[in-house]
Each structure stands twice: as C-alpha cells, then as structure tokens.
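The values are calculated or read from the model by the stated rules, or taken from the named source; none is laboratory data. Predicted model only: the values in this text are computed from it and were never measured. As a convention, Cβ positions derive from the backbone with ideal geometry for all residues, glycine included, and neighbour counts pool all protein chains shown.
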Amino acid sequence: MCIDEIKTCTCEEPVRSLPGLGEPAPDFQAESTHGPLKLSDYRGRWVVMFSHPADFTPVCTTEFMAFAEIADELKSLNVELLGLSVDSVSAHLAWVRAIKEKMGVEIPFPIIADLEMKVAKVYGMIQPAQSSTAAVRAVFFIDDKGILRGMLYYPLSNGRYMPEIVRLIKAFQTSDAHGVATPANWQPGDKVVVPAPKTAAEMAEREKAGYECKDWYLCFKTL
C-alpha cells in the first residue's frame, strides 16, 4: 500500500480531558458533610482533594482513617483536606459515624457528595475501564492561589501511601519558597537541585557559588 493511502483511524472512545498541571483548578460548588462549600473559598490555603470509590467499603475505610491521621500535619502546612465520592451526604454521614463508633477514629475534614458526578467528571475521576459508576482513587494538589500542582491516580483495588502525599506538599512548598527543584527520593532536609543554567554566564557563575556539582547542569545545595 502506498503511504499516502494510509488513513488515520478515529478512536471510537470519547477523549477524556483532564485539568492541566499549572492551570487553575476547575472551581465548583457542592454539598458536603460540613455543609455547602466552594473550592474557590479555599484560596489562601493549599487543598488536597481526593476521591474514593464508595462509602462503607474496606480499602476506603482504611484510607479515611489514614487521612485523618495526617490531617493535623497537613493543617500545620496550611493544607485543607477534601474527600469526595459519588455517594450522598446521608451516606457520608452514616459512614463517618460508623468509623468513629467502630474504629474510634474521627474524620475531621469535609466529604463532598457528588451524586451526579459533576465534579468527578471534570477532574477525570471516572475511569470507565475501572468503573463507570464509582470514582477511582485520585488525589489533586491545589496551591494557595488555586493552581493545580499535582495529580495522583490509583485503581480501586489499592490504597494510597500517606507519607507520599505529605512529602509532595512539602516538596511543592520548598520549591516555591526557594526557587529550587527536588531530586528523586527527596525528603525534607535533603539537598535540593539548583535549576540548570540557561546561559554561559549563568554556567560560569554557578562555578563560584559553592554548589555541589556533579556536572554543569546538575548541582545540589543545602537549604
């Protein structure tokens, strides 16, 4: 076949758009276990918004208890937690009460009711290959200016690792405060990466800056 006879096929599946990193997080208004809320009302604070497949399910219950454990640490970092699923407020309230009564854990953050999947669809939480009626385990990191900084997606079958959520918040805030990047496996207190030089003059300047350089483009420093 001649190459100009080859036609580009059209995908039958609809393309699902996701909010973009570095862009304003899509605003919304919703009901929650703490009453009506609007995402833009959280400006000035960071937000970790996370979805779960369903109330009264085993993995989700372990996750909510784990999120409750890190809530105070996140609060000290100016971070608010927002949970979400496609269940009703009534279901959320009953589940929160059951967690407190059966597990002895109080859930201190709002849980958004998204029965019509309006928020879930805008944020790409509904992944048909996983489920068309339940949200996957998504996490969205939104900064104090309302900008989406990071996203994590997990399948229905596997719970999230809370230390990574805390670590990412600290990494974002460290980058913002000091104009640096964080290397692989970075933990608070570790050396950070100095942005690569963009000009010959910047490259020469960094040689006098006292950085720990492995090569001209890879330099570390201690904050």
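On inspection, Gly20 passes the criterion of being at pLDDT below 95 and under 18 Å from Arg149 (Cα atoms).
Scan the stretch 181-196 and tell me whether some residue there is at positive phi, in a loop (DSSP other than H, G, I, E, B) and touching a Lys or Arg at 6+ places or on another chain (Cβ under 9 Å). Checked against the condition, which is being at positive phi, in a loop (DSSP other than H, G, I, E, B) and touching a Lys or Arg at 6+ places or on another chain (Cβ under 9 Å), the stretch 181-196 yields no hits at all.
With respect to the conditions (1) out of contact with any His (no Cβ under 8 Å at 6 or more places or on another chain); (2) over 30 Å from Asp41 (Cα atoms), Gly124 lacks only one, and its number is (2). Only one of the listed residues (Ala71, Ala66) is under 15 Å from the mean Cα position of the chain (by Cα), in contact (Cβ under 8 Å) with a residue 12 or more places away in the chain and either outside the structural domain of Thr133 (by TED's automatic domain parsing) or under 28 Å from Gln173 (Cα atoms) (or both). That residue is Ala71. Within the stretch 87-114, being out of contact with any strand residue (DSSP E or B) (no Cβ under 6 Å at 6 or more places or on another chain) and β-branched (Val, Ile, Thr) holds for Val96, Ile99, Val105, Ile107. The strands (runs of 3 or more DSSP E) located wholly in the stretch 22-136 include none with 3 or more residues which are exposed (fewer than 13 other Cβ atoms within 10 Å of the Cβ).
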